[in-house]
Protein chains: 2
Amino acid sequence: MRIFQRNEIAPVLECKSKIIEAVKQGFISHAKGEIENPEPVQMLFGVDENSIEGDCHIKTASSKSLPYFCVKLATGFYKNPALGLSVNNGLVLLMSSQTGEPLALFQDDGHLTSARTAAAGALAASLTCSKKPRSLGVIGTGHQAELQARWIASYCELTDIVIWGRSVDKANALKARLADLGLEVETAASVTELCQGAKLIVTTTPSISPLIMAPDVSPGHHIIAMGSDSPGKVELDPAILGRADVILTDEHFQCLHHGELGHAVTAGLIGETKDQSFGLALKNPESLQLDSETISVVDLTGLGAQDLAIASFVYDTLITT
Amino acid sequence: MRIFQRNEIAPVLECKSKIIEAVKQGFISHAKGEIENPEPVQMLFGVDENSIEGDCHIKTASSKSLPYFCVKLATGFYKNPALGLSVNNGLVLLMSSQTGEPLALFQDDGHLTSARTAAAGALAASLTCSKKPRSLGVIGTGHQAELQARWIASYCELTDIVIWGRSVDKANALKARLADLGLEVETAASVTELCQGAKLIVTTTPSISPLIMAPDVSPGHHIIAMGSDSPGKVELDPAILGRADVILTDEHFQCLHHGELGHAVTAGLIGETKDQSFGLALKNPESLQLDSETISVVDLTGLGAQDLAIASFVYDTLITT
């Protein structure tokens, strides 16, 4: 069994186009029913009636088209900052699905998850951005916001980037960090302003109330919502999904449970089968009719198939170099 | 995070009495409801209608009385021997339940599980063997049979050991391996002969049909059944449980599902609440009335609490030495 530290993994995560291709195949395999995703394990710690101190989630995935399966542990302990520790910890194990042998432990500090999430955003953006350079709107100012900007910029032709965050300081800081992209990067004073400037938008916040409201959205908008990865989170006014011509979900039932889709269905604005498969859209992008007259939403909640795809790619790369 | 290989772990597993004490506290914590055991994950590989090529089980446990939680992966790939590989692989992760940080990876090749299972047998034997030296009957001739003999001999006063296995050669080989114990070790020609010679008996086989039959059992027998760890396995004639004065189970519902208890309940020989908690018996052994007139069965199916107890003990020992 090989043990890989974050500093060994980091250079491989720079191979954006190859990772995007691997993650794309993961989404397609998932959509074709080739991925096994057992029910995740959830452990809670320090639970009282009003709060929990920590949690651990264990997600597993195997694929008929890969010789590996992966087990991902992710912990969040919310009192850690007071101890000078990060809230999140975790690791990824890659095992042989032919012999059961443990092959690799990635002590990745969550970087594999960050990268596979960024790859998903780039793939979602590619569904509309292949025709001409576009302006990208980024809502959120954290680590994933930065990654989305970088990965989408690497995969799609952009003219410029517009950032909005609740904190003006953090938005300016992200703008400064993105200076090396060689693109014009600006901040927007409001979500409304951002939506007026960019038709391609990615949202990357842990918001628990909608940030983009329906009046902000007009024909041609393609919105990639990354933030809603657990119940209670929401980034889009459900009425946007009510108006959308196309809704793509990475996993129908997961998005119904805790994605943007679920909020719109619960609000009675759409039927629960209004969505289409993101993986199948990646397989046959020509089947989508997205243009300057359509409104489209990509609802991404995160798949084990992505974890397996990136861990497999990184492992294959590291053992052959 | 520390990585411990089997050769680093092995010396700690020689601390039998300390491990037995740690595992005892694990059983007691489990019985008191202090252990969280989320539903295990099961992944199957190469499934066709008649067979599977491999499986992976992931078990987790946390305890209110330990600062750790553990995640155990165990795989079985049944075509491995043809590749010169062992069927079973696995590893154990120990994590902080205070900060979520990964603390240790044990690449133990299943040795932690073997030792915690041996410790359970020693504890079960101790419920009757504290009064006077006894003869121990061992049914089975594999690795766990040897461990049971060694661990019970280390914890209880024995006069001699009698072995029975389906293979006479393997029984003789186990007899030879146990020569260093300084006890008289013999093989029995039949289970009936073994039961006549030993009142304290441990069964350690993967049998799918009963090995000890009801007529073999008489007052004073204390039978520890270790083998039934999954549906379909059975070592004891269910009628033995029908006649038993005391039935102890490590986990009531687990034993009902795939332990000896379940077979006897399904056969209509006992009510499903005939058993008592093994952990509570360890906490208050004087509450048990086991003597030369009683028949008792200990049904052990394996607990996450044992994995957590031994992993915690080994970790604490390794980081302080």
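Observations on the structure shown:
- The lone exception for B:D299 - which of (1) in contact with a Ser or Thr (Cβ under 7 Å, 6 or more places away or on another chain); (2) open to solvent by 10 Å² or more (accessible area, probe 1.4 Å) it fails: (2)
- Residue selected from region A:1-22 under the condition open to solvent by less than 60 Å² (accessible area, probe 1.4 Å) and either without any contact (Cβ under 8 Å) to a residue 12 or more places away in the chain or under 18 Å from A:M95 (Cα atoms) (or both), by the criterion farthest from the chain's Cα centre (by Cα): A:I3
- Residue within region B:118-130 that is at positive phi and more than 14 Å from every other protein chain (Cβ to nearest Cβ) present: no
- Subset tally (residues that are at positive phi, at the interface with another protein chain (Cβ under 7 Å from one of its Cβ atoms) and surrounded by fewer than 17 Cβ atoms within 10 Å (Cβ to Cβ)) for region A:53-109: 0
- Within region B:274-288, being farther than 12 Å from B:H252 by Cα and in contact with a strand residue (DSSP E or B) (Cβ under 8 Å, 6 or more places away or on another chain) holds for B:A281, B:L288.
- Residue list for region A:41-52, restricted to those being open to solvent by less than 70 Å² (accessible area, probe 1.4 Å) and more than 8 Å from chain B (Cβ to nearest Cβ): A:G46, A:S51, A:I52
- Residues that are open to solvent by 60 Å² or more (accessible area, probe 1.4 Å) and touching a strand residue (DSSP E or B) at 6+ places or on another chain (Cβ under 9 Å) do occur in region B:235-256.
- Annotation for region B:101-115: at least one member residue is modelled with pLDDT of 95 or more, over 21 Å from A:A104 (Cα atoms) and out of contact with any strand residue (DSSP E or B) (no Cβ under 7 Å at 6 or more places or on another chain).
- The strands (runs of 3 or more DSSP E) located wholly in region B:156-221 that include 2 or more residues which are out of contact with any Lys or Arg (no Cβ under 8 Å at 6 or more places or on another chain) occupy B:158-164, B:200-203.
- Residue within region B:276-284 that is touching a residue at least 40 places away in the same chain (Cβ under 8 Å), touching an Asp or Glu at 6+ places or on another chain (Cβ under 6 Å) and within 30 Å of B:I3 (Cα to Cα) present: no
- Members of region B:274-289 that are under 22 Å from the mean Cα position of the chain (by Cα) and either open to solvent by 30 Å² or more (accessible area, probe 1.4 Å) or more than 20 Å from B:D237 (Cβ to Cβ) (or both): B:K274, B:Q276, B:S277, B:F278, B:G279, B:L280, B:A281, B:L282, B:K283, B:N284, B:P285, B:L288
- Just so you know, in region B:26-69 the residues that are among the acidic types (D, E) and assigned to a loop (DSSP other than H, G, I, E, B) include one that is nearest to B:A120 (Cα to Cα), and it is B:E34.
- Residues located in region B:26-40, provided they are within 22 Å of B:D229 (Cβ to Cβ) and either away from chain A (no Cβ under 13 Å) or open to solvent by less than 60 Å² (accessible area, probe 1.4 Å) (or both): B:G26, B:F27, B:I28, B:S29, B:H30, B:A31, B:I35, B:P38
- Residue check for A:A74: over 21 Å from B:D108 (Cβ atoms) and outside any strand (DSSP E or B): no
- In region A:214-234, residue farthest from A:A124 (Cα to Cα) [restricted to those that are touching a Gly at 6+ places or on another chain (Cβ under 8 Å) and modelled with pLDDT of 95 or more]: A:A214
- Filter result (over 20 Å from the mean Cα position of the chain (by Cα) and open to solvent by 50 Å² or more (accessible area, probe 1.4 Å)) within region B:182-207: B:G182, B:E184, B:E186, B:A189, B:T192, B:E193, B:Q196
- Listed by first and then second residue, the pairs with beta-carbon distance under 7 Å, at least 6 apart or on different chains, first residue in region A:193-207 and within 20 Å of A:L290 (Cβ to Cβ), second buried (at least 22 other Cβ atoms within 10 Å of the Cβ) and polar (S, T, N, Q), are A:L200/A:T128; A:V202/A:Q148.
The values are calculated or read from the model by the stated rules, or taken from the named source; none is laboratory data. Keep in mind it's a predicted model, so treat the numbers as computed, not measured. Positions of Cβ are generated from backbone atoms using ideal geometry, with glycine treated the same way; all protein chains shown enter the neighbour counts. Accessible surface areas use protein heavy atoms only, side chains included; no ligands, DNA or RNA. Shrake-Rupley method; radii C 1.70, N 1.55, O 1.52, S 1.80 Å.
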